[in-house]
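Input: a single structure, listed below in structure tokens.
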Ligand SMILES: [Zn+2]
């Protein structure tokens with residue numbers, strides 16, 4: 001079973017990927033990790049990607065697709081993969097379709113973990129980190145005993161620039177602009193499954209498994 005996983009930053013996508021990985025024995029293929037691996041091992045594709053990155057240019061989609069193709073050809077994906085971080089744009093989605101056709105495989109589902117912007121802003125902008133020991137806290141979900149102070153080491157808690165509400169809003173705008181055409185594309189292809197990503201984590205996990213089981217049945 002081959003699945004594409006989508007979700008805004010803060011949607012809880014990683015939790016769902018872990019669940020699918022362990023319950024269905026699928027390989028989690030995150031394009032960020034794949035890039036790091038190819039760069040670290042100085043593969044031909046990694047070195048090619050680096051020539052673009054060194055000049056500040058975006059790595060062309062065909063390079064990323066070639067890395068993906070190599071990754072999903074390895075024996076550890078024989079049971080299927082969960083693709084995370086790709087595609088992000090319509091041309092990438094089309095390139096992915098061409099790749100799976102060429103490999104005589106198919107995508108079984110595109111899971112979209114849907115969470116409202118307000119909820120994501122609440123989740124991300126509540127995060128706090130200790131300057132001393134880096135322990136994470138959360139204003140709503142894991143508040144420190146004393147405001148602004150780390151429970152573990154007494155250090156000062158701060159908010160990362162990435163988690164400031166205006167930055168989160170900008171990241172969400174980018175996400176919506178890029179993914180709206182993808183959602184239409186996969187909806188038209190009959191592959192899109194929307195998972196309500198708000199509420200209790202165990203309920204969200206159950207929704208994901210129910211959706212996947214309905215595909216298998
Ligand atoms: Zn601390």
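Values in this text are rule-based calculations from the coordinates and carry no lab data. Keep in mind the model is a prediction, meaning the values are calculated, not measured. Using ideal geometry, Cβ is built from the backbone for each residue, glycine included, and neighbour counts are taken over all protein chains shown.
Table for the structure above
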read-out: Ascending count of other beta-carbon atoms within 10 Å, so fewest first, for 18, 188; value: 188, 18
read-out: Principal-axis tilt of helix 13-24 within the chain, Cα atoms, nearest 10 degrees; value: 50
read-out: Calculated [θ] (222 nm, deg cm²/dmol) that DSSP helices of n ≥ 4 give over the chain, each run adding -39,500 (n - 2.57); value: -15500 deg cm²/dmol
read-out: Global form of segment 114-205, assessed from the alpha-carbon gyration tensor, a/c cut-off 1.5; value: prolate
read-out: GNM top mover of 177, 31, 51 - the chain, alpha-carbon springs below 10 Å; value: 51
read-out: Choice from 163, 184, 200 with maximal GNM fluctuation in the chain (Cα, 10 Å cutoff); value: 200
read-out: Residue of 155, 126, 80 that the Gaussian network model of the chain assigns the largest fluctuation, springs spanning Cα pairs under 10 Å; value: 155
read-out: Debye log10 I(q)/I(0) at q = 0.08, 0.09, 0.15 Å⁻¹ for the chain, Cα point scatterers; value: -0.34, -0.43, -1.10
read-out: Per-residue Cβ neighbour rank within 10 angstrom, fewest leading, 130, 153; value: 153, 130
read-out: Taking segment 79-217 and dividing mean pair separation by its residue count, relative contact order in percent (alpha carbons under 8 Å, at least six apart); value: 29
read-out: Prolate/oblate/rounded call for segment 150-204, Cα gyration tensor, a/c under 1.5 rounded; value: oblate
read-out: P(r), alpha carbons of segment 69-133 - 10 Å bins starting at zero, rounded %; value: 15, 36, 21, 22, 7, 0
read-out: DSSP beta bridges in the chain [antiparallel fraction, %, rounded to 5]; value: 30
read-out: Proxy reagent accessibility, fewest Cβ within 10 Å first, across 147, 196; value: 147, 196
read-out: Kirkwood-Stokes translational diffusion coefficient of segment 24-85, alpha-carbon pairs, 25 °C, 0.890 mPa s, µm²/s; value: 203
read-out: Shape category assigned to segment 1-125 from the gyration tensor of Cα positions, a/c cut at 1.5; value: oblate
read-out: Translational D in µm²/s for segment 104-166 (Stokes-Einstein at 20 °C, 1.002 mPa s, Kirkwood Rh from C-alpha pairs); value: 158
read-out: Angle between the chain longest axis and helix 44-54 axis [Cα atoms, degrees, rounded to 10]; value: 50
